[in-house]
Amino acid sequence: MKLEDFRKLEIKIGKILEVNDHPNADKLYVVKVDLGDSQKQLVAGIKGSYAKEALVGKQIVVLTNIDPATLRGVESQGMLLAASDETGISILTTDKPVKIGSIVK
């Protein structure tokens, strides 16, 4: 992959405003995220690793320029970035607070 390919990705810091259970899936949350200039709804398969209350207020890393996708009947307007291994899922976050909407470079 070339650097120009990476630059095509729009990755921003968002703040989780709200987390709800997905109405049609046991392992998914519907997450409302503030990206500074807009808010997006994300569908994320992190329910088995995080309680809703632990997510609200968290700064996360979001891929924002991905085409919307409908997951089990609910539209996801971006992608929450996370790592996973045999122990579970870990959401990518900042190590100190930064301005919401900051670009990840």
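The values are calculated or read from the model by the stated rules, or taken from the named source; none is laboratory data. Since the model is a prediction, treat every value here as computed from it, not as a measurement. Ideal geometry is used to build each Cβ from the backbone, glycine not excepted, and the neighbour counts take in all protein chains shown.
Of all residues in segment 44-70, those satisfying the criterion of being buried (at least 16 other Cβ atoms within 10 Å of the Cβ), of a type in the set (A, V, I, L, M) and under 22 Å from Lys8 (Cα atoms) are Ile60, Val61, Val62.
When residues in segment 78-105 are screened for being surrounded by 13 or more Cβ atoms within 10 Å (Cβ to Cβ), farther than 18 Å from Lys47 by Cα and not hydrophobic (A, V, I, L, M, F, W, C), 3 of them pass.
Return the residues of segment 1-28 that are assigned to a loop (DSSP other than H, G, I, E, B) and exposed (fewer than 12 other Cβ atoms within 10 Å of the Cβ); say none if nothing qualifies. The answer is Met1, Lys2, Lys8, Leu9, Pro23, Asn24, Asp26. Taken over segment 74-94, the criterion of being out of contact with any Lys or Arg (no Cβ under 7 Å at 6 or more places or on another chain), modelled with pLDDT of 95 or more and part of a loop (DSSP other than H, G, I, E, B) is satisfied by Leu81, Leu92, Thr94. When the residues of segment 17-43 are filtered to those that are among the aliphatic types (A, V, I, L, M) and out of contact with any Ser or Thr (no Cβ under 8 Å at 6 or more places or on another chain), the one that is nearest to Glu75 (Cα to Cα) is Val30.
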